Amino acid sequence: MKKITGCYSIIFAVLTLFFIAAKSASAAFGISANPYEGGFDLRFGKIDPAMGRVNKEVRVEVTTDIDKQYRVIQVLQEPLTNSQGDKFPQNSFLVYAVPGTNKYGTLSVEMEIPVYMGRKVIYTSNQQGLSDSFALVYSLLVPVDQQPGSYRGRLLFTLEPIGATESPATVILGILAEVEVESRVRITTVSGGRIAQLKPFPPEKRQFDVGVDVLGGMGRQFEITQFLSAPLISPEGNTLDLDSVSVVVRDGHKGRALTEPVPLSLHHQTLYTSGPRGEADSFVVTYGLGDLSGQKAGKYRGKIKYLLEGIQITNPLIDTLDLEIDNPEVLELAVTPEIGKGFLRFDNLKPQEPPRISEVNIEIRSNIGKPYQVSQNITSLFTSKEGKTIPKEYFILKTEAAQIKGKLNYADKTDVRLGEMTLFVSDDRGSSDKFKVIYELSIPPDLKAGDYSTRITYSITAI
């Protein structure tokens, strides 16, 4: 009997071990993590800084029948990184658990926290270790200085038993985000419009300011450049000399700016170079109008393009402004010294005196682009207060100039006649010019002493 009883004991022990092994072999202990929107990856899609926070939900489910307490661990196995090695800052990728989405255990991330590479317990089951599920919300915020590109990362979820021998279970969730960064530089004008306007008068219109704001750091050195996309042309087909328009930059404390005025150009001009880290900054680009006296009248128009260069960006064009320069028609002359009220006067004339001489300088400003002439009109002989006159043969003139573009009509001494005399004719382009008129009055031997004057009027007329 003792032998039989011992045999039964051995058989019972073997059967017990068999049932325990069978139960262990069929035990469920697994975890899954599935995005709410479907698929196998946590996809944030195309995002940019202007979108603000982008949220995506993940459903985590634990299936177990081992009747032992467990916990779920989250690890950022691979941080979000693009092909150039740029990474998202840690505080830009966040997670929190949605309260009430679990049934039994305890959620450890009901307050939002950054997702980091270390182990983080996000859920602990009840003592019975019942199966459960819960929702996590992952948030991505694109910093203003985040480099564009396709970013990839990996989240690792680990299911660990507490006080049991089961092996941990894991699941990996890929992360995808496509960062699209439009212009991070803002161009504004004082007027609020999209046209930079310059004109000679009034004086305050000779300058125009454009504000440039770098909104957030770029993370690396960059340049802001400009160029005129085409020559400045008027409706008449005339082209403005670009030396007539200057550009200079003021302010801009974090980088190097164009602090000396230079002419506007059809080629790229560097307005501003940032520091090595591309910090945020603001500066003002001032366009100034120079001397337009040699330029033809008209409204000249063109476009200034601003570019962001030195960093990888899909479209380097920041903005485009229209440029309009209004050069009104000018056809005017200045006479120096001015003849008081139009009278040429010689005082205290006496017989036997040498001839009296008076010089008048005439300067013409013109941009009409066509010929003109300068004339004088003398309406009377030299006359005294008493009504005495000097015969016209005693009055002569000549015109002269050191350098002139047009034609002087009286390079030699000529008798002055009453009425209109054309003194000067411009070149075919109607260029600005200047010359001198020299008047000479001889004294008749029988002159009655006194003050004598005549009236002279100067005029300028387009031909």
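Summary of values
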| read-out | value |
| --- | --- |
| Verdict on Gln128 being surrounded by 19 or more Cβ atoms within 10 Å (Cβ to Cβ) and part of a loop (DSSP other than H, G, I, E, B) | no |
| Residue within segment 88-102 that is free of Cβ contacts under 8 Å to residues at least 60 places away in the same chain, in contact with a strand residue (DSSP E or B) (Cβ under 8 Å, 6 or more places away or on another chain) and small (Gly, Ala, Ser) present | yes |
| Residue identified as surrounded by 15 or more Cβ atoms within 10 Å (Cβ to Cβ) and in contact with a Gly (Cβ under 7 Å, 6 or more places away or on another chain) among Gly290, Gly278 | Gly278 |
| Residue in segment 298-322 that is farthest from Val212 (Cα to Cα), counting only those that are more than 14 Å from the chain's Cα centre (by Cα) and crowded, with 19+ Cβ neighbours inside 10 Å | Gly298 |
| Answer residue from segment 96-125, given it is in a strand (DSSP E or B) and of a type in the set (Ser, Thr, Tyr) and is surrounded by the most Cβ atoms within 10 Å (Cβ to Cβ) among those | Tyr123 |
| Residues satisfying the stated conditions in segment 238-285, i.e. among the hydrophobic types (A, V, I, L, M, F, W, C), closer than 20 Å to Met218 by Cβ and touching a Phe, Trp or Tyr at 6+ places or on another chain (Cβ under 9 Å) | Val249, Ala257, Leu258, Leu271, Phe283, Val285 |
| Test: Leu323 is within 30 Å of Tyr372 (Cβ to Cβ) and assigned to a strand (DSSP E or B) | yes |
| Condition check for Leu173: of a type outside the set (Phe, Trp, Tyr), farther than 22 Å from Leu317 by Cα and touching a Leu at 6+ places or on another chain (Cβ under 9 Å) | yes |
| Qualifying strands (runs of 3 or more DSSP E) (wholly inside segment 150-243; at least 3 residues being in contact with an Asp or Glu (Cβ under 8 Å, 6 or more places away or on another chain)) | 169-179, 185-189, 195-198, 223-228 |
| Selection within segment 287-319 - of a type in the set (Ser, Thr, Tyr), part of a strand (DSSP E or B) and over 30 Å from Gln146 (Cα atoms) | Tyr287, Tyr300 |
| Single condition Thr336 does not satisfy, out of (1) farther than 21 Å from Leu271 by Cα; (2) modelled with pLDDT of 90 or more; (3) assigned by TED's automatic domain parsing to the domain that holds Glu260 | (3) |
| First in segment 64-80 and closer than 13 Å to Phe157 by Cα, second anywhere and of a type in the set (Phe, Trp, Tyr) and modelled with pLDDT under 95, Cβ under 8 Å, 6 or more apart | Leu76/Tyr116 |
| Filtered residues of segment 252-275 (kept if part of a strand (DSSP E or B), without any contact (Cβ under 8 Å) to a residue 60 or more places away in the chain and under 14 Å from the mean Cα position of the chain (by Cα)) | Ala257, Gln269, Thr270, Leu271, Thr273 |
| Checking Arg429 against (1) surrounded by 18 or more Cβ atoms within 10 Å (Cβ to Cβ); (2) closer than 20 Å to Asp291 by Cβ, the condition it does not meet | (1) |
| Unique match (being out of contact with any Cys (no Cβ under 6 Å at 6 or more places or on another chain) and closer than 30 Å to Gln84 by Cβ) among Ile318, Ile304 | Ile318 |
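Okay, residues lined up against (1) of a type in the set (Val, Ile, Thr); (2) surrounded by 13 or more Cβ atoms within 10 Å (Cβ to Cβ):
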| position | (1), (2) |
| --- | --- |
| Pro161 | no, yes |
| Ala164 | no, yes |
| Ala177 | no, yes |
| Glu180 | no, yes |
| Val185 | yes, yes |
| Gly193 | no, no |
| Ala196 | no, yes |
| Lys199 | no, yes |
| Val210 | yes, yes |
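The values are calculated or read from the model by the stated rules, or taken from the named source; none is laboratory data. Just so you know, these numbers come straight off a predicted model, no measurement behind them. Please note: Cβ atoms are built from the backbone with ideal geometry, for glycine as well, and neighbour counts cover all protein chains shown.
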